């Protein structure tokens, strides 16, 4: 079990009386690429935000290498620095250039030297193909480019697992490809990823584990070939058929 | 018409006699307004930041109590000093201190008293402006910072406050201009500002309207220059809208980033090289 990074046990989350997540159990092992699919409002994003402690779970455990980070008194910033997150709305720092966006976390949180952080940032910016734009500001680049920078920013922190919250949902169709291709190459390099997505082709072809969520519970999960090829539950079949018809 | 020439003559007469004291008054007004605004901004930032420290019911009880208490104190400060006239605050502080301490503590320096009053008054307004500036920043910025492991303090210093500062620059300018004008009430405690120069001049010459004209023009000149400078500072804060593409080895470019190096990208029109190129071309092609 040494390669177990995250283990979610009986996780529940309520906003007031509205129960968004109910009794979620799943695990993330090193090198896993897990896709979480499901209709809007099924709790996918909330689950991801709970894992990064941007939302505090109402009950249940999130074990990170066996330590429950959802418990009171846990230093959330320390934990978050090991778990990267890529947002639907990019959330690049508007007051910094592309390069500074990728440096600031390394310097302030990981206490790396500026030069080391710079080299590291440049390495990842090159990987996502944003080297020419390092001096641009977020408002000056396109959505797809912003998202690639956001991925580089998360990678520069050398996270153990990278969470993606619908990374392509806010993008114009022609920009989806460039972000997906970056994610695809990350997956091939063995990055551990947890991806909330509506891109069924990505879930089917790139991930090795697919979780289908419906109304706050994990309805069905398994290998992509099984879940897409031979879904066991009626809800899963209904959900997938809506995508096939389009 | 001859009324105007009379006014002009009176103003010249006033200026000849009291020009020096008008100018000293203007300098004092500007210094007081500037110092008051700067210190007021610092007070405002401290209050605004303290006021927006988030807490949840997961935090330990002492922390929650302290934060709640801080908010109450800031709230009382803001309401009291925003809700009373500065002229009264000046009197209250300047005469109140000796009154309560039997003259043991009193302001020996009129500058100190005036600066304290203006700073505290400005701070009360700025506290609310800063709070507004902070909550106006997209929550996504905070989440982005949290997600890479920044603490609240790091998030504030590196991400939120720089953006909030830019957004409240017009407010800071507002306050500075208000201070240039409203420090005129400081004559009440004997501060030698621009308006006090007017009072002194008319006390001796009885030329009320001509002196008031001098004051009007003087105040307007000060505030217009201030407006102009503030706009300039805002522009500086915005930074250049241009940026240069960094030339790299074309072989390392990821497919899809560039169609072809010579074709460039939609952003080339912002780059200096492109402008240079276009300028040359236009120079040759045009007449």
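All of the numbers you see were taken from the coordinates with simple rules; none came from a lab. Keep in mind the model is a prediction, meaning the values are calculated, not measured. Cβ sites come from the backbone with ideal geometry, for glycine too, and all protein chains shown count toward neighbours.
Quick one: pull the percentage of alpha-carbon pairs in the protein assembly as shown with a separation above 42 Å.
Numbers: 58195 of 141778 pairs.
Summing the P(r) of the protein assembly as shown above 42 Å gives 41 percent of all pairs.
Can you give me the P(r) profile for the range B:1-72? Cα pairs, bins 5 angstrom wide beginning at 0, each as a whole percent.
The distribution over the range B:1-72 is 3, 13, 11, 10, 8, 8, 7, 7, 6, 5, 6, 5, 4, 4, 2, 0, given as percents.
Between residue B:235 and residue A:233, what FRET efficiency follows from the Cβ-Cβ distance if R0 is 45 Å, with the result rounded to 0.05?
Details: r = 60 Å, r/R0 = 1.33.
E between residue B:235 and residue A:233, to the nearest 0.05, is 0.15.
Per DSSP H run of n ≥ 4, the term is -39500 (n - 2.57); total these for chain A, divide by its residue number, and report the mean residue ellipticity at 222 nm rounded to 500 deg cm²/dmol.
Dividing the helical sum by the residues of chain A leaves -11000 deg cm²/dmol.
222 nm [θ] for chain B, helices only, -39500 (n - 2.57) per DSSP H run of 4+, per residue, to 500?
Working: 10 runs with 205 residues, N = 287.
Only helices count here, giving -24500 deg cm²/dmol.
Regarding the range A:5-153, what is the average projected area of its C-alpha convex hull, in nm²?
Working: hull surface 41.1 nm².
Its Cα hull, projected and averaged over all orientations, spans 10.3 nm².
Can you give the angle from 0 to 90° between the axis of helix B:110-135 and the longest principal axis of chain B, with both taken from C-alpha atoms, to the nearest 10?
Tilt relative to chain B: about 30 degrees.
Please report, in whole Å³, the volume per residue of the convex hull around the C-alpha atoms of the range A:98-246. Don't skip to the answer; put the middle values down first.
Values: hull volume 18.6 nm³, N = 149.
That works out to 125 Å³ per residue.
How far, in degrees from 0 to 90, does helix B:86-100 lean away from the longest principal axis of the Cα atoms of chain B, to the nearest 10?
Value to nearest ten degrees: 60.
What is the helix-to-structure angle for A:143-156, meaning the angle in degrees between its Cα long axis and the longest Cα principal axis of chain A, kept from 0 to 90 and rounded to the nearest 10?
Tilt relative to chain A: about 80 degrees.
How many nm is it between the label spots at residue B:87 and residue A:19, if each spot is 7 Å from the Cα in line with the beta carbon?
Placing both labels 7 Å along Cα→Cβ, they lie 6.6 nm apart.
Percent of Cα-Cα pairs per 10 Å bin, from 0 to the last occupied bin, for the range A:39-86, please list those.
26, 56, 16, 2
Would you mind checking the range A:34-74 for residues with the amide N under 20 Å from a putative spin-label position 7 Å along Cα→C-beta of residue B:66?
Counting backbone N atoms under 20 Å from the label point, the list is A:72-74.
Report the Cα-based extents of the range A:57-140 along its three principal axes, largest first, to the nearest Å.
45, 29, 23
Could you please tell me the mean projected area of the C-alpha convex hull for the range B:1-125, averaged over all directions and given in square nanometres to one decimal? Write out the running numbers ahead of the final one.
Working: hull surface 50.1 nm².
The Cα convex hull of the range B:1-125, projected and averaged over all directions, gives 12.5 nm².
Identify the residues of the range B:128-149 with backbone N under 13 Å of a label point that sits 7 angstrom from the Cα of residue A:75 along the Cα-to-Cβ direction, or state none.
Residues B:149 fall inside that zone.
Cα centroid distance between the range B:71-127 and the range A:126-179, in Å?
Using only Cα atoms to place each centre, the spacing works out to 51 Å.
According to a simple spin-label model (label point 7 Å from Cα along Cα-to-Cβ), what is the distance in nm between residue A:217 and residue A:115?
In this crude label model, residue A:115 to residue A:217 measures out at 5.9 nm.
Give me the Å³ per residue figure for the convex hull around the C-alpha atoms of the range B:60-196.
Values: hull volume 19.6 nm³, N = 137.
Measuring per residue, one finds 143 Å³ for the Cα hull of the range B:60-196.
Quick one: compute a quarter of the convex hull surface over the Cα atoms of chain B and quote it in nm². Spell out each step's value before the answer.
On the way: hull surface 111.3 nm².
Value for chain B: 27.8 nm².
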